[in-house]
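A.B. asks: Provided herewith is a single structure, encoded as C-alpha cells, for subsequent inquiry.
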Amino acid sequence: MSMIAASPQTLTIKGLSKRFQIDNDFVEVLNDIDLEVTPGEFVSIIGPSGCGKSTLLRMVAGLEQEYQGEIYLGDELIKGPRVNRGMVFQEARLYPWLTIENNVAFGLGHHHSAEEKKRIVAEHLELVGLSSFAKAYPHQLSGGMQQRVSIARALVNRPQVLLLDEPFGALDAMTRISMQQEIIRIWEAEKTTILLVTHDIDEAIFLGDRVVVMSKRPATAKAVIPIDLPRPRDRNSYEFVQVRKTIYSNFFSEVEVPFSYSI
Amino acid sequence: MKKIGSWLRENLLALVVPILLLSVWEAAGQLGWIRAALLPRPSAIAQVLVELIASGELFIHLGISILRVGQGFLIGAFLGVLVGVQIALVKKFRIALSLIFGVLRPIPVIAWIPVLILWMGIDEGSKITVIAIGSFWTVLVSVVQGIRSVDKKYLEVATILEKDQKTLLTKVVLPAALPAIFTGVRVGIDVAWRSVVAAELIAAASGIGYMIMYARELSQIDVVLVGVLSIGLTGVLIDQLLLLLEKRLLKWNVNLHES
Ligand SMILES: Nc1ncnc2c1ncn2[C@@H]1O[C@H](COP(=O)(O)OP(=O)(O)O)[C@@H](O)[C@H]1O
Ligand SMILES: [Mg+2]
C-alpha cells in the first residue's frame, strides 16, 4: 500500500557535530551528539534556546548537509531529504493558495492515482479531525487547526520518522494540551518514530518515552532520561512530579539558576 | 442597498468636490469669465461627448487604442514573465543580463517611439512594440522581485517532500509570487495605456491619441478635452477590472481582502 517498505528502522545519530560560519567566525552549535532511537519510540528533546535543537532536527531531515558525524535510518546513510522522514515546523507552513485538502495532497508524490490520492488525503484529514475543513483555505483555520493540517501533510507518505520542531510552541496553553493528546493518539495509530523538540518540560515528559536534555551551545546530549510512566499520563501524579524535578535539576545545573521555581 | 448607502456616506466628499468644481466652472463660463475657445463649459463638453458617442467616433478610436494595448501588453507581459523567471532563478543569466538591462530599463518608453517609427513605419507594428516594451519592463521587475522574495520556509517544505524543480516552480514559487506579479501587471497595463496614447499623439491614423491630435489641428478644443478625459476614465475602468480579476484569482490572499 505504501511505497516505502515499512519494516521499522532504527534512527542512529553518531558523533554529530555542526558549526555555522558567520562571516569569518565559526559558531559551534552541536558537539558530538550520539543518540539511538528505536523504531516507534517517542523521544523528546529539550534544551536552552539557541542551543541547536532545530539544527539537529534539520540535519535528520536532510536540510543541513555540512557536518561531522553520521546519521543513519536503518542502514541508509542520510544525505538529503527523503519522504521517509517527515517534518513539522513551529509555524504550520501551509501554502495559503491551496485548500486544506490540496495542502495535504501536496505531501504525496506523483505515483498515486487520483482516487488513491483522494482516499489518502481523506484518511489523513480524518486522522487529524479536520474532514469538514477539506475545502477551506489556511487563513480560515485557527493556529492549532493549521498545525494539525501540517501534521497530516507530513504523515501522508507514512514516514518512518516524524520530526516535530516545537510544533505547539505558538499555541495557547489549552490548545497545546489538547494537541499533545492528539499527537499521542496519532502516534499510537501510525506507530511512527517521533523526535519532538520542545521548550516545555511538562510537554517533554508527557509525550516522551525518553527525554534528551541538551546543554547550552555547543550542545551535547547532557542527559537522557527514560520516562517509565504508564500512558495516558497524569501530569499531577507523584511520579510525574518526581521526573519533572529530575529534569529541572538537570536542565538548570548549568544554565543560570532560575530566581525561583516552585513545583 | 445598505452597502451603497454606507459607501456613499464614507465617500461623499469624493462626489461633492467634483460637482462643486464643475458648477463653479459652468458658472464662470456662463458669466463669460472664461473664453469658450480655450475652455468650453462642462455642459458644452458633455454635449460634444454625447455627439461623439452617438456617431460612434469616440468608441471606435478608444476601441482601436485598447486593442493595441491588449496586443502589445500580451507580448510584453509574456516576455516579461519568461525572462523574469530565468533572471530570478538562474544566477548566470542574471549576471549576463545585468549590465544590458541596467542601461536599457531606465529609458522612457516614449524615447523609443522615433526609433521604432524609423524601423517599422507608423503602422500597427511600431505602436504595439512601444506598448510591449513598456509593459515588458514593469512585468519583468515585478516577476523578479516576486520570485526572489518568496519565503524560504515554503521552499523548505517542498524540499523535505522531495519535490522536483518543475513542481517547485509551478506549485510553490509562481503561486507565492503571484500577488507581486499581479501588482506588476496592473502597473504594466497602466504604462501600456500611457504609451499607446503617446505613440498615437506622435504618429497615427487612428486611435484616441490620433483623435485628439486631429481635433487640435481643427482647433476643436471641446473634442480635444473629451478625448483627454476619456483617456483618464478608461484607465480607471481597466484598473478596476483588473482589481476584480485579482480578487477572483487570488481568493486566498488575505492581505487583499483587508484593503
Ligand atoms: N543558517 C545559519 N547560519 C548561521 N547560524 C545559524 C544558522 N542556523 C542556526 N544558526 C545558529 O545556530 C544556533 C542554534 O540554532 P537553532 O538550532 O535554531 O537553536 P534552537 O535550539 O533554539 O532551535 C543559534 O545560535 C543560531 O544563531
Ligand atoms: Mg528552534
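The values are calculated or read from the model by the stated rules, or taken from the named source; none is laboratory data. Values in this document were obtained by computation on a predicted structure and should not be read as measured data. FYI the Cβ positions are ideal-geometry reconstructions off the backbone, even for glycines, and counts take in every protein chain you see.
A.B. asks: Within segment B:110-124, count every residue that is within 20 Å of B:Asp190 (Cα to Cα) and not aromatic (Phe, Trp, Tyr). Don't jump to the end; show me each part of the working.
C.D. replies: Of segment B:110-124, the ones within 20 Å of B:Asp190 (Cα to Cα) are B:110-113, B:124.
Next, from what is left, pick out any that are not aromatic (Phe, Trp, Tyr): B:110-111, B:113, B:124.
Summing the residues that are within 20 Å of B:Asp190 (Cα to Cα) and not aromatic (Phe, Trp, Tyr) in segment B:110-124 gives 4.
A.B. asks: While we're here: So which pairs qualify, if the first residue must be in segment B:146-159 and at the interface with another protein chain (Cβ under 10 Å from one of its Cβ atoms), the second must be of a type in the set (S, T, N, Q), the Cβ gap must be under 8 Å, and the two must be at least 6 apart or on different chains?
C.D. replies: B:Ala158/B:Thr167
A.B. asks: Mind checking which residues of segment A:51-80 are hydroxyl-bearing (Ser, Thr, Tyr) and within 16 Å of ligand 2 (Cβ to nearest atom)?
C.D. replies: A:Ser54, A:Thr55
A.B. asks: I need a count of the residues in segment A:128-172 that are within 16 Å of ligand 1 (Cβ to nearest atom), among the charged types (D, E, K, R) and assigned to a loop (DSSP other than H, G, I, E, B).
C.D. replies: 1
A.B. asks: In segment B:173-190, how many are farther than 19 Å from B:Lys251 by Cβ and buried (at least 23 other Cβ atoms within 10 Å of the Cβ)? Even if it seems obvious, please write down each step before you answer.
C.D. replies: Going residue by residue through segment B:173-190, those that are farther than 19 Å from B:Lys251 by Cβ are B:173, B:184, B:187-190.
Those left that are additionally buried (at least 23 other Cβ atoms within 10 Å of the Cβ): B:184, B:188-189.
Residues that pass the stated criteria total 3.
A.B. asks: As an exercise: evaluate A:Leu155 against (1) under 20 Å from A:Ala122 (Cα atoms); (2) surrounded by fewer than 18 Cβ atoms within 10 Å (Cβ to Cβ) and give the number of the one condition it does not meet.
C.D. replies: (2)
A.B. asks: Quick one: which residue in A:Pro39, A:Pro48, A:Pro8 is modelled with pLDDT of 95 or more and part of a loop (DSSP other than H, G, I, E, B)?
C.D. replies: Result of the check over A:Pro39, A:Pro48, A:Pro8: A:Pro39.
A.B. asks: For segment A:76-97, does any single residue satisfy the condition of being in a strand (DSSP E or B), within 16 Å of ligand 1 (Cβ to nearest atom) and among the charged types (D, E, K, R)?
C.D. replies: Scanning segment A:76-97 turns up no residue that is in a strand (DSSP E or B), within 16 Å of ligand 1 (Cβ to nearest atom) and among the charged types (D, E, K, R).
A.B. asks: While we're here: Being modelled with pLDDT of 95 or more, aliphatic (A, V, I, L, M) and in a helix (DSSP H, G or I): is that true of B:Leu118 here?
C.D. replies: No.
A.B. asks: Within segment A:27-70, restricting attention to residues that are more than 7 Å from ligand 1 (Cβ to nearest atom), of a type in the set (Gly, Ala, Ser) and more than 14 Å from chain B (Cβ to nearest Cβ), which residue is farthest from A:Ala221 (Cα to Cα)?
C.D. replies: A:Gly40
A.B. asks: Give the residue that is surrounded by the most Cβ atoms within 10 Å (Cβ to Cβ), with candidates limited to residues of segment B:21-43 that are within 19 Å of B:Gly232 (Cβ to Cβ) and hydrophobic (A, V, I, L, M, F, W, C).
C.D. replies: B:Trp25
A.B. asks: Does segment B:161-168 contain any residue that is in contact (Cβ under 8 Å) with a residue 60 or more places away in the chain and buried (at least 17 other Cβ atoms within 10 Å of the Cβ)?
C.D. replies: No, segment B:161-168 has no match at all.
A.B. asks: Working carefully through the options A:Ile120, A:Ile100, find the one that is among the β-branched types (Val, Ile, Thr), more than 11 Å from chain B (Cβ to nearest Cβ) and out of contact with any helix residue (DSSP H, G or I) (no Cβ under 7 Å at 6 or more places or on another chain).
C.D. replies: Just one listed residue meets the conditions, A:Ile120.
A.B. asks: Of all residues in segment A:73-97, how many are within 17 Å of the chain's Cα centre (by Cα) and either away from every other protein chain (no Cβ under 13 Å) or on the phi > 0 side of the Ramachandran plot (or both)?
C.D. replies: Of the residues in segment A:73-97, 2 are within 17 Å of the chain's Cα centre (by Cα) and either away from every other protein chain (no Cβ under 13 Å) or on the phi > 0 side of the Ramachandran plot (or both).
A.B. asks: Could you tell me which of the residues B:Leu49, B:Leu38 is in a loop (DSSP other than H, G, I, E, B), within 30 Å of the chain's Cα centre (by Cα) and within 30 Å of B:Ser206 (Cα to Cα)?
C.D. replies: None of the others qualify; the one that does is B:Leu38.
A.B. asks: Also, I was wondering about something else. Take A:Ser17 and tell me if it is in a strand (DSSP E or B), hydroxyl-bearing (Ser, Thr, Tyr) and within 16 Å of ligand 2 (Cβ to nearest atom).
C.D. replies: Answer is no for this residue.
A.B. asks: All but one of (1) farther than 24 Å from A:Ala204 by Cβ; (2) touching a residue at least 60 places away in the same chain (Cβ under 8 Å) hold for A:Leu56; which doesn't?
C.D. replies: (1)
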